[in-house]
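Everything on this sheet refers to the single structure shown next.
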Amino acid sequence: MSRARRLVAVSNRVGPVRNVAAAGGLAVGLVDALREHGGLWFGWSGRIAKNSRTVVHKEKIEGLTLATIDLTQQESDGFYNGFSNNCLWPLLHFRIDLTRFERAQLEVYRRVNRRFALAVRKLLKPDDLVWVHDFHLLPLAEELRSLGARQRIGFFLHTPFPPTEILSTLPAQEELMRALFAYDLVGFQTPEDLGRFQEHVGWVLDGTVRGKSVTAFGRQLHAGAFPIGIDTEQFNRFAFSPPGSQEFARMRRALAGRDQFIGVDRLDYSKGLLRRMDAFGRYLERHPDAHGKVILLQVAPVSRSDVASYREFRDELEREAAGINGRFGRFDWTPVHYLNRALPRRTLAGLYRASRVGIVTPMRDGMNLVAKEYVAAQDPADPGVLVLSRFAGAAQQMTAALLVNPYDGEETAEALHQARTMRASERRRRHQTLMKRLRVFDVRRWRSDYLAALAAAPAWRAPAPPAR
Ligand code: ADP
C-alpha cells in the first residue's frame, strides 16, 4: 500500500496513544499504523456535553491526530447504553433472550452516527483510507456516503456475526445490513463469521457471493476474515521483565506451592463466568486430592454497569463464587479469589506466567485476546496450559489448547484436571505449536492484511438502481 495515503480510524472511543502497549485494547493494533501513515483517529471523547453542538477536540500526539466529540446524556443513553449494548451486543453474541430493541434508541444510534459522519466528513482528504471499527458504527459509511464521501471505507466487526435466524429477529436487520453495503470492505474475526454473513446475504438479502465479492442492495463489496492478534513478543517481554517478573515472583511466593488457575475477563455475561464457577465447583467435587492445593484467581473488572443485565449478572457471579468458598473452603484455604479490578497489563502478564492453567471459557466471543496473552506470557521451558472455549474466535487458530464446550460442566471440569496434571513434555509441545501461530498472526499481520485488502477493494460506486 502506498505510504502517501493517510489512514483515518474511527471507533466509539479513541486512544490512548502514549504507552499503548501498557494500555492494551484496540490502540495496540492501530497506533503504529496511524503513526506510519500520519493518521487521524476519530471517536467519542467519553465526555457528556450539555448540548449537541458539535465541537471537534483535536490533539496532535506523537505524529498522529486524535479528534473527538462529546455526546449529550440522552445520546450516550440511547446510542451507547441503549442500542449498542442493550440490543446489538447481546444479539451479536447469540443472546436473543437479553436483546432489547427500542425504536427510539435505534433513532438515537442513527443520529449519533450521523453526528460522527458530519464531523469526520469535514476532516477527510480525497485519498484517505477510512477504517471504521465495531458494531457501534455500522451505519457510519452510509451516512458518510450521503454527505458525498467517495473514499475507500472499510469496516471491521470485532464481535461474532450471528446466524441468520438470530439476526433476522432484529426488527432493524434490513436497515442495518443495507447500511453495511455502503462500505467497500467488511472484515470479520473468523471464517465462520464470514460464512454466516455470506449465508445471510444469500438467504435473506437476496444477494450473491462470488469469492470475496459480495453483492446486495445493488452494491458490491469485499468481505474477508482477518483474525486479530496481539503483540506477541512484547507481551512475552512484559512477563519476563520488571514489573511483570516481580509480580510473578510475588505471586509464586504467595501461592506457596499451590497451583493457580487464572481467569481474566471483563464482567460480561458472554464470558461464561457463571458456568466457569460451576465447572470449578465440579472439579473440586470430583478431585478431593486438589483441595488445599489449587486456587482459582478470577480477575473481572466491572463493565457497562449502567446496563441492568450487567448489574444482575454481577450479583449472581458473586453469590456463585461465595457459594464455592463456603462449600469447599477451609480456614487455611480459600478456593476462589475474586478481584473486581482492572490491573496494569504488565502485572497481568506476571500473573498469567505464575498460573498453571489459563481458563478462557466464553459462551461466545469474537476473538478473545486474553487466550493469546496467557499463552504469550508463559515460560517456554515450563509453560502453563490453556483451557479454551470452542466458541471463542481464538479457538479457530489455537487448536493446540484444551478445547472445551463451556455448556458442558463435566467436560470443562475434566479439562481443568487434565491441564493441571499434564506432563511437562506435552505442555511444551502444545505451547510451541500455539506460539508459532501467535508469532505469525500477530497484531501487525492483522493490520497489514486488512489495510492491503481495503486498498485493493473495488472503488465506491453508487448503488445500481433496482432492476424493473
Ligand atoms: P473483550 O474485548 O470482550 O473485553 P478480549 O479478551 O478480546 O475481550 O480483550 C480484553 C482485553 O482487556 C485484554 O487485552 C485483557 O488483557 C484486558 N483485560 C481484561 N481484564 C482486565 C483486567 N482486569 N485488568 C486489565 N486488563 C484487562
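This table checks each residue for (1) farther than 16 Å from residue 120 by Cα; (2) of a type in the set (Val, Ile, Thr); (3) open to solvent by less than 50 Å² (accessible area, probe 1.4 Å).
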site: 40; (1), (2), (3): no, no, yes
site: 47; (1), (2), (3): yes, no, no
site: 53; (1), (2), (3): no, no, no
site: 72; (1), (2), (3): yes, yes, yes
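Could you tell me which residue of region 139-165 is farthest from the ligand (Cβ to nearest atom), considering only residues that are assigned to a loop (DSSP other than H, G, I, E, B) and either of a type in the set (Phe, Trp, Tyr) or over 23 Å from the mean Cα position of the chain (by Cα) (or both)? Across region 139-165, the extreme among qualifying residues is 148. Put simply, of 241, 305 the only residue that is away from the ligand (no atom under 11 Å from the Cβ), surrounded by fewer than 18 Cβ atoms within 10 Å (Cβ to Cβ) and modelled with pLDDT under 95 is 305. Would a scan of region 166-184 turn up a residue that is within 16 Å of the ligand (Cβ to nearest atom) and touching a strand residue (DSSP E or B) at 6+ places or on another chain (Cβ under 8 Å)? Within region 166-184 (the criterion being within 16 Å of the ligand (Cβ to nearest atom) and touching a strand residue (DSSP E or B) at 6+ places or on another chain (Cβ under 8 Å)), the answer is no, since none of the residues qualifies. Please work out if residue 164 is more than 30 Å from residue 23 (Cβ to Cβ) and open to solvent by 50 Å² or more (accessible area, probe 1.4 Å). Against the criterion (more than 30 Å from residue 23 (Cβ to Cβ) and open to solvent by 50 Å² or more (accessible area, probe 1.4 Å)), residue 164 does not qualify. Where strands (runs of 3 or more DSSP E) fall entirely within region 314-412, those with at least 1 residues that are more than 16 Å from the ligand (Cβ to nearest atom) and open to solvent by less than 20 Å² (accessible area, probe 1.4 Å) are at 357-360, 385-389, 402-404. If only residues of region 84-108 that are part of a helix (DSSP H, G or I) and open to solvent by 50 Å² or more (accessible area, probe 1.4 Å) are counted, the one that is farthest from residue 309 (Cα to Cα) is 107.
Residue 330: touching a His at 6+ places or on another chain (Cβ under 9 Å) and either modelled with pLDDT of 95 or more or β-branched (Val, Ile, Thr) (or both), yes or no? So residue 330 passes the test. Out of all the residues in region 109-116, is one or more farther than 22 Å from residue 8 by Cα and assigned to a helix (DSSP H, G or I)? No. Of the strands (runs of 3 or more DSSP E) that lie entirely inside region 1-83, those containing 1 or more residues that are touching a residue at least 12 places away in the same chain (Cβ under 8 Å) and among the acidic types (Asp, Glu) span 64-72. Residues in region 416-431 that are among the polar types (S, T, N, Q) and either within 16 Å of residue 358 (Cα to Cα) or crowded, with 18+ Cβ neighbours inside 10 Å (or both): 418, 421. Of everything in region 246-288 that is within 16 Å of the ligand (Cβ to nearest atom) and part of a loop (DSSP other than H, G, I, E, B), the residue that is nearest to residue 98 (Cα to Cα) is 268.
Suppose we keep only residues that are open to solvent by 30 Å² or more (accessible area, probe 1.4 Å) and in a helix (DSSP H, G or I) within region 196-232. Which one would you say is farthest from residue 438 (Cα to Cα)? Going through the qualifying residues, I end up with 203.
The values are calculated or read from the model by the stated rules, or taken from the named source; none is laboratory data. Note that the structure is a prediction, hence the values are computed from the model and not measured. Cβ coordinates were reconstructed from backbone atoms using ideal geometry, including for glycine residues, and neighbour counts include every protein chain displayed. The accessibility values were calculated without ligands, DNA or RNA, using every heavy atom of the protein model including side chains. Shrake-Rupley method; radii C 1.70, N 1.55, O 1.52, S 1.80 Å.
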